[in-house]
1. Please count, across the range 179-268, the pairs of lysine residues with Cα atoms under 29 Å apart that sit 8 or more places apart or on different chains.
2. Can you give the accessible area of residue 94, probe radius 1.4 Å, in Å² rounded to 10?
3. Skipping prolines and chain starts, which residues have an amide H placed within reach, meaning under 5 Å, of the one on residue 338, given they are 5 or more residues away or on another chain?
4. Can you list the residues, at least 5 places off or on another chain, whose amide H is less than 5 Å from the amide H of residue 223, using H built in the peptide plane?
5. Could you report the accessible area of residue 199 in Å², rounded to 10, computed with a 1.4 Å probe on the protein chains as they sit in the structure?
6. Quick one: Debye curve from the C-alpha atoms of the range 207-360, no solvent, what's log10 I(q)/I(0) at q = 0.14 Å⁻¹?
7. Per residue of the range 311-319, what does 6.51 cos²θ - 1.76 cosθ + 1.60 with θ = phi - 60° give for ³J(HN,Hα)? Whole Hz please, x for Gly and Pro, Karplus curve as stated.
8. If you take the beta carbon distance between residue 338 and residue 282 as r and set R0 to 25 Å, what does 1/(1 + (r/R0)^6) give as a FRET efficiency, to the nearest 0.05?
Amino acid sequence: MPIILLTSFYTLNIIFAMSVLQKDKTVKITLGTFTSGIIFGIFTFLFLNIRWQSFLLGLIIGIQAYLYTFFISDFLMKRLRQDHILLSLLLNSIARVTIIFLSIFLSFEVLSSFRIGIVSFFNLIDSSYDKILIGLVFGLVLSLIIDAYELFDTLLGKNIFLKIIAGRFNQPFEEELFFMFLDLTSSTSLAEKLGHKKYLMLLNDFFHDLATPVSLTGGQIYKYVGDEAIITWSLKKGCIRSAPLRCFFMMREAITKKSKKYLYKYGTVPSFKAGLHVGNVVTGEIGLVKKEISHIGDAINTTSRLTELCKELGKPILTSRDVLEIMTMEKEYVFYPVDEKVLRGKTKSIEIFSVELRKQ
């Protein structure tokens, strides 16, 4: 009976975890689950001191806790984090500790039935309530630290916080990046129709919904300029499965899936166009009172001009020849050449292509 119970319990955990994961997150979640299990295993061993049984117990607790908190943080708390950052931080931390406590209870109750030296949870409370209290305080503090880091990382840009602390941007340096300028279509008429306050709410929802595809494809949201977002990829990440193009069509799909929400709240479904280019830029910090990580280079201007050309040609996305030469193109995309253009502010023409998904 215990074996059947344990097998069924953890099989359901695995099914649950895989059902909420997207393909691009699998490696990240697998690594996080393993790391969490190891940390909990070591922590449990140090405090309970019951040899290998404690490490097994901690490993199982850690795996459960990570999977459950991932679901809470990545799905249930997204909207709350968008509207109430501090409330989200507090509730997320409380939820993590509650989940850890639940994981401890379930793990003790299941493993104690195997009679391998692990007592039931209620017996543990009678003999080691002080250690459990220390564990919960440890979990709460660790959770607050993790959530605070994620909060700063969100405000400053993905993976930027640690780089700033390490002084990565103190001295300007040259790097090659993919740039995508993403521009909301008919923004002026939308603002007039909705009014400035409601239009800003639409922009907030719009960019919020596009954040996940950017993150999943390894991109960074460099900055927002009015109704426009500038997204970057490193050369390495941008070449993985044509990441910028994959991101663009994932964003279109994300907005389509939430079309009912937009129609209900705003009476319209936003659409957008994008220009894609790659090139060398100089990156570094700018400002003293309000610091900003800035990219300077011709690649940015070229990408901006490509976005302007999208409106003129009626194309959802345009890319330069440079992108095609660097990036290994997936078979799912079809490229249509556009006449060579001399972009505004340029003296030389460049080859431009429109991109569409290949019809199945």
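The values are calculated or read from the model by the stated rules, or taken from the named source; none is laboratory data. Bear in mind that the values here come from a model prediction, so they are computed numbers and not experimental data. Neighbour counts run over all protein chains shown; Cβ positions are idealised from the backbone, glycine included. These area figures cover heavy atoms from the full protein model, side chains too; ligands, DNA and RNA do not enter into them. Shrake-Rupley method; radii C 1.70, N 1.55, O 1.52, S 1.80 Å.
1. The number of close lysine pairs in the range 179-268 is 28.
2. Rounded to the nearest 10, the figure is 90 Å².
3. 352, 353, 354
4. Close amide H contacts, sequence-distant or interchain: 230.
5. 30
6. Listed by q, the Debye log ratios stand at -0.75.
7. Along the range 311-319, the couplings run 5, 5, 9, x, 10, x, 8, 10, 10 Hz.
8. Calculated transfer efficiency: 0.30.
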